[in-house]
Each structure stands twice: as structure tokens, then as C-alpha cells.
Ligand SMILES: [Fe+2]
Ligand SMILES: [Fe+2]
């Protein structure tokens, strides 16, 4: 089993309360946008193949998640991450590149991303505690849906992708770095 490197989750003196929810909305908005772009990249390659419908169904879920955080960004007056243009390109590139390696690799990408998101949303649920019940409820709902995306990808033989473990680790590490960055800038 490869050791999974982790990034520091909190720096000393990091914000709580209103600042915490601001950070959560910013990073989740960025993440859901990245997810939408990953699936757009995958659909450009695999849209008309047998995997197309499963990918489209997951993409529809991401569109709902993104729409929710887009409303929150506006309602709360939260500045989106300055790396937005980067997620636009990087998400699409990751989706298209994995799809070009075949449908199983595309699904392996979903497993990796959703595993990273699983830890991320779980940590946010803990951090929020009893504050912001509406935000927490949305995160819990999206969290459950992300786990279903992971299961969909597993049922599409993600684990049979060549080099599954190494690739999963690489993509998960990239996702953790992206989350770390989006929480800060
Ligand atoms: Fe999502
Ligand atoms: Fe998802």
C-alpha cells in the first residue's frame, strides 16, 4: 500500500465562524466547478460511448452542486478563488486525459476525486458542528451523492484500469493540493 501524503488541514490562527463558512463556500464552489469540468472533458471523449450515460448522470449531479454553491457565493458576497481560470483548464484536461486512456481510467479518476471529496466533506461537516445548519445539510446531501458517484465508477470497473492504485494516488494527491490552495486563495 503506498503511503498517502497529506497536506496540513489547518494553520495556526485560522478562521472560525463566519470566516469558516466563507472558506467552505469558496473551496466547495471551486471543487464543484472542477468536477463539472472533469466530466465535460470526459464527455468530449466518451460522450457517445457506452459509458456516456453514466458520466452524464454524474455530471448532472455536479451541475446541481455547483448551482447551489454559486447561489451561496452570490448571497454571501464571497469572493471566488482567484484560481478559477486554472480549475477551468485543469479540470477539463484531467477529464479528457483520463478519458483518452479509456473508460476504466475515466472511472478511476472519478474514484480518486470522490475519495478526496469524501474526506474533504467529512472534515467540513465536523468543522461546522451545529453552526450553519443549512450549509451543513447541503454538504451532507452532496457528500452522499459523491459517494454514489464513487460507487458508480467502481461498478464500471474503475479498479481494472491499468495502474489503478498509482493513478488514484496521484489524482487524490492533486485534489488535496487543489483543495488546500482553494481554501487559501
Ligand atoms: Fe459534486
Ligand atoms: Fe461527484
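Side notes on the structure shown:
- When residue 127 is tested against (1) under 23 Å from residue 44 (Cβ atoms); (2) touching a helix residue (DSSP H, G or I) at 6+ places or on another chain (Cβ under 7 Å), only condition (1) is not met.
- Residue within segment 111-121 that is over 13 Å from the mean Cα position of the chain (by Cα) and either modelled with pLDDT of 95 or more or part of a helix (DSSP H, G or I) (or both) present: no
- Residues in segment 157-185 that are surrounded by fewer than 20 Cβ atoms within 10 Å (Cβ to Cβ) and under 26 Å from residue 50 (Cα atoms): 157, 159, 160, 162, 163, 164, 165, 166, 167.
- Test result for residue 57, closer than 20 Å to residue 172 by Cβ, at pLDDT 95 or above and surrounded by fewer than 21 Cβ atoms within 10 Å (Cβ to Cβ): no
- Qualifying residue in segment 61-83 (condition: within 15 Å of the chain's Cα centre (by Cα), more than 13 Å from ligand 1 (Cβ to nearest atom) and free of Cβ contacts under 8 Å to residues at least 60 places away in the same chain): no
- Test: residue in segment 149-157 that is part of a helix (DSSP H, G or I), touching a residue at least 60 places away in the same chain (Cβ under 8 Å), under 17 Å from the mean Cα position of the chain (by Cα) and closer than 21 Å to residue 69 by Cβ: yes
- So residue 171, is it assigned to a helix (DSSP H, G or I), modelled with pLDDT under 95, closer than 21 Å to residue 59 by Cα and within 12 Å of the chain's Cα centre (by Cα): no
- Boolean, residue 96 is buried (at least 17 other Cβ atoms within 10 Å of the Cβ), more than 15 Å from ligand 1 (Cβ to nearest atom) and not in a loop (DSSP other than H, G, I, E, B): yes
The values are calculated or read from the model by the stated rules, or taken from the named source; none is laboratory data. Only a predicted model underlies this, so the values are computations on that prediction, with no experimental measurement involved. Glycine also receives a Cβ, built like all others from the backbone with ideal geometry; neighbour counts cover every protein chain displayed.
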